[in-house]
Amino acid sequence: MNETLKQQIRQRIEAYDTVVISRHIRPDGDAVGSSTGLFHILQNAYPEKRILLVDDDFSEYVGFLGDRCDEISDEDYRRALQIVVDTATLDRISNKRVGLAKELIKIDHHVDIKPYGDISWVEDQRSSVCEMIANLCFSVGWEMTREAAAALYTGLTTDSGRYRYSTNGDTLRIGAALLDVGVDTETMFARLYMEGFEVFKFKSHMYKKMKISEHGVAYFLVDRKTQEKFSLSSEEASNSVSLLSTIRDSLIWLAFIENEDKTIRVRLRSRFVPINKLAEAYGGGGHEFASGATVHSQAELKRLVADADKLLGEYKETHKGWL
């Protein structure tokens with residue numbers, strides 16, 4: 001699959017002395033894992049080249065993978081190859097100088113609604129870009145290092161929901177190949193999923209605040225006051241969407257996270273019901289069953305919930321066997 005594209009990417013990397021790797025704003029495990037994993041792979045494969053990670057954002061959640069951010073002059077940037085991973089649109093790249101690069105490669109697994117890049121490798125059925133980077137490495141014959149394997153396995157695990165979402169035989173085979181290289185899964189899972197006591201108190205608080213719409217959309221708002229009360233990072237607040245994921249009959253669930261500028265970040269999740277078009281209607285997008293959006297007022301929040309409720313009601317009326 002896409003073997004020609006993979007070889008083109010390898011050839012373009014080999015044509016440049018400097019390669020700059022970037023990802024999306026508010027990076028998650030896949031963004032950090034794929035960018036960090038690719039960095040280690042290329043640094044090992046091409047020690048004579050200047051391989052750089054350049055990003056303006058950081059993730060506490062997967063901070064154990066490192067917080068590297070390299071420096072590069074504008075003059076050097078203009079002679080460089082830029083590779084952007086896990087980022088659907090140009091405006092979400094966590095590197096505002098990305099347009100300076102001589103050539104741009106996009107590697108992504110989101111629906112390609114706003115194509116960009118001189119070379120664009122997009123597979124929206126993949127579990128993660130980490131899966132794609134691992135596949136690229138094995139396909140073109142680069143060595144998979146232990147550091148790269150650890151980063152890629154972390155992102156593959158988080159974005160697939162521990163192999164629950166968008167997972168097929170290739171996902172499991174690539175995960176197995178990464179484990180064979182050597183990944184300390186005990187430490188990785190401890191760092192990913194052990195939580196502070198304040199987070200547990202926050203969860204208890206949000207279970208009391210959650211609401212269910214007429215047709216079963218589960219949702220809550222994590223406002224700034226709540227985030228400050230429980231000393232939550234933006235990532236911890238955003239990850240709270242998972243609290244709503246196992247409510248029977250609730251096939252769509254939403255977490256509204258108030259930002260410092262008073263805009264409200266929306267994390268949309270669903271089971272069986274495609275919600276990416278709904279997200280696009282509110283300035284966002286993403287995967288069929290996992291998307292993001294932004295609303296700018298309580299009134300707009302209520303409209304989104306109403307639209308989600310209508311979508312879910314129509315789905316339940318026209319489909320059987322959804323539990």
Task: Cα gyration tensor category, rounded, prolate or oblate, for segment 20-149 with a/c compared to 1.5 - done: rounded
Open item on the list: Can you find, among Thr246, Ser233, Tyr219, the residue sitting farthest towards the positive end of the charge dipole of segment 212-323, where Lys and Arg contribute +1 and Asp and Glu -1 at Cβ?
Closed with: Thr246
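Find how much the distance from Ala306 to Thr4 grows on full extension, using 0.36 nm per residue of separation minus their present alpha carbon separation; answer in nm with one decimal. Mind dumping the intermediate values first?
Numbers: separation 302, 0.36 × 302 = 108.72 nm, distance 4.49 nm.
Stretched fully, the Ala306-Thr4 segment lengthens by 104.2 nm.
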TODO: Could you size up the charge dipole of the chain around its Cα centre, putting +1 on the beta carbon of Lys and Arg and -1 on that of Asp and Glu, and report it in debye to the nearest 20?
DONE: 1040 debye
TODO: Would you please give the FRET efficiency between Lys229 and Arg271, computed as 1/(1 + (r/R0)^6) with r the Cβ-Cβ distance and R0 = 35 Å, to the nearest 0.05?
DONE: 0.70
Task: Extreme residue, positive dipole direction of segment 52-160, given options Gly141, Tyr77, Val62 (C-beta unit charges) - done: Gly141
TODO: On the protein heavy atoms, probe 1.4 angstrom, tell me the percent of accessible surface of the chain carried by carbon and sulfur.
DONE: 48 percent
Open item on the list: Between Ala148, Ala177, Ala31, where does the largest GNM mean-square fluctuation fall for the chain, given springs only between Cα atoms within less than 10 Å?
Closed with: Ala177
Task: Filtered GluC sites (Glu not before Pro), segment 15-92: DSSP coil and at most 12 other beta carbons within 10 Å - done: Glu48, Glu60, Glu71
Task: For Ser120, distant residues with modelled amide H under 5 Å away - done: Lys106
- [ ] Per DSSP H run of at least 4 residues, take -39500 (n - 2.57); add these up for the chain, divide by its residues and hand me the 222 nm value, nearest 500 deg cm²/dmol.
- [x] -12500 deg cm²/dmol
Open item on the list: So, for segment 167-292, what is the accessible surface per residue at a probe of 1.4 Å, expressed in square angstrom?
Closed with: 52 Å²
TODO: For an R0 of 22 angstrom, estimate the FRET efficiency from the Cβ-Cβ distance between Arg173 and Thr89 and round to the nearest 0.05.
DONE: 0.15
- [ ] Name the residue, out of Ser73, Ser238, Ser120, whose mean-square fluctuation peaks in a Gaussian network model built on the chain with Cα pairs under 10 Å.
- [x] Ser73
Task: Zone residues, segment 194-232, relative to Tyr165, backbone N less than 19 Å from point 7 Å out along Cα-to-Cβ - done: 194, 217-222
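Using a Förster radius of 30 Å, what is the FRET efficiency between Arg146 and Glu60 based on their Cβ-Cβ separation? Nearest 0.05, please. Could the numbers behind the result be given before it?
Numbers: r = 24 Å, r/R0 = 0.78.
Efficiency at R0 = 30 Å is approximately 0.80.
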Task: Given charges at beta-carbon only (K, R positive; D, E negative), |dipole| of segment 1-84 in Debye - done: 400 debye
Task: Cβ-based charge dipole, the chain, positive-most Cα from Thr167, Tyr282, Leu90 - done: Tyr282
TODO: Between Glu195 and Glu288, with labels modelled 7 Å along Cα→Cβ, what's the label distance in nm to one decimal, could you check?
DONE: 2.9 nm
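The values are calculated or read from the model by the stated rules, or taken from the named source; none is laboratory data. If you're wondering where the values come from, they're calculated on a predicted model, not measured in any experiment. Note: ideal-geometry Cβ built from the backbone for every residue, glycine included; neighbour counts use all protein chains shown. Please note that ligands, DNA and RNA were not included when accessible areas were found on the heavy atoms of the full protein model with its side chains. Shrake-Rupley method; radii C 1.70, N 1.55, O 1.52, S 1.80 Å.
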